[in-house]
Amino acid sequence: MGFKDWFKRAERSPLARWRHRWEEATRERDAAAVAELRSSLTSDPALGTDLEIEHEMLEGLERLIALAAELEAGRVPRIDTTHKVVGREACHFSAPATLPDDHAQASGRVLLTSTRAVFVGGAKFAAVPWHGVRDVAQVQRDLLLVRSADDGMRLRFNTYGDAMEAAALASHLRTRRPL
């Protein structure tokens, strides 16, 4: 079997098909797909037994769907925080994360406020105002806040759920007026 054949076989695997269905459900924010995806995780032996990441992905999808419903209804979550970097700004999200592109891979916390995304950890502080963000992308557990073709911030979260919620909120916050 050649190298290309190995990739083709991997793309046709039951787990690859499950992940493809999960990606579609994530794009469409399809709540009906959650039950089918969950059922296949527990009942399809072809998927294997080491499915911890897939369960985490499914939990992230459920969190994303719930958050999307709140945002569509005009309700942006607000959390209370006494963190100094937030000050009097409305804070909408807080989760542990790292800066994987930083040479020290600083660990800390990401806070999404009404005006900016903030990373604070140890001696590291980074902030990106929403008006400077051109695009938001989520890739696995990473959130990418793109400022220009060669500038931005990449944040790596501990869970898919945190990354998915942060991406949805960042997309929403960058297009709305601050509170």
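Going highest first, how would you order 33-40, 58-65 by mean Cβ packing within 10 Å?
Answer by packing, highest mean first, reads 58-65, 33-40.
Calculate for the chain the 222 nm mean residue ellipticity that helices alone would give, adding -39,500 (n - 2.57) per DSSP H run of length 4 or more and normalising by residue count, nearest 500 deg cm²/dmol.
On the way: 5 runs with 71 residues, N = 179.
Only helices count here, giving -13000 deg cm²/dmol.
Select from A32, A69, S43 the residue farthest towards the positive end of the dipole of the chain; place +1 on Cβ of Lys and Arg, -1 on Cβ of Asp and Glu, and compute about the Cα centre.
Of the listed residues, the answer is A69.
What is the packing order of peptides 139-148, 162-171, 120-129, taking the mean over residues of other C-beta atoms within 10 Å and listing the highest first?
Numbers: 139-148: 17.1, 162-171: 22.7, 120-129: 14.6.
The packing order, highest mean first, is 162-171, 139-148, 120-129.
Would you kindly compute the Cα radius of gyration of segment 73-174 and its largest Cα-Cα separation (Dmax), both in Å?
12.5, 41
If you take the Cα Rg of segment 3-72 and divide it by 2.2 N^0.38 Å, with N the number of residues, what do you get?
Values: Rg = 13.4 Å, N = 70, 2.2 N^0.38 = 11.1 Å.
Compared with the compact-globule rule of thumb, segment 3-72 sits at 1.22.
For V76, V110, V133, which order do you get if you count the other beta carbons within 10 Å of each Cβ and list the fewest first? Present the calculation step by step, with values, prior to reporting the outcome.
Numbers: V76 18, V110 26, V133 21.
Lowest to highest Cβ neighbour count: V76, V133, V110.
How big is the gap, in Å, between the Cα center of segment 55-77 and the Cα center of segment 101-179?
When both Cα centres are located, 17 Å separates them.
Distance in nm between label sites at D30 and E62, each 7 Å beyond Cα in the beta-carbon direction?
In this crude label model, D30 to E62 measures out at 1.9 nm.
Let me spell out the model: positive unit charges on the Cβ of Lys and Arg, negative unit charges on the Cβ of Asp and Glu, origin at the Cα centre of the chain. What dipole size does that give, in debye rounded to 20?
Numbers: 26 positive and 26 negative charges, 126 e Å.
Dipole size: approximately 600 debye.
Size of the dipole of segment 138-179 about the Cα centre, Lys and Arg at +1 and Asp and Glu at -1 on the beta carbon, nothing else charged, in debye to 20? It would help to have the intermediate numbers written out before the result.
Values: 7 positive and 5 negative charges, 34 e Å.
Using only the charged Cβ atoms, the result is roughly 160 debye.
Looking at the chain as a GNM with Cα springs under 10 Å, which of G108, G152, G48 has the largest mean-square fluctuation?
Looking only at G108, G152, G48, the largest GNM fluctuation is found for G48.
Quick one: T113, T49, T175, T26, fewest Cβ neighbours within 10 Å first, how do they rank? Spell out each step's value before the answer.
Working: T113 25, T49 6, T175 10, T26 18.
Least crowded to most crowded, the residues run T49, T175, T26, T113.
Sort R12, R88, R154 so the one with the fewest other Cβ atoms within 10 Å of its own Cβ comes first. Before the final figure, lay out the partial values.
Values: R12 9, R88 5, R154 17.
The most exposed by this proxy come first: R88, R12, R154.
FYI, it's all coordinate maths here, none of it is from the lab. Remember, predicted model here, so these are calculated numbers, not experimental data. Using ideal geometry, Cβ is built from the backbone for each residue, glycine included, and neighbour counts are taken over all protein chains shown.
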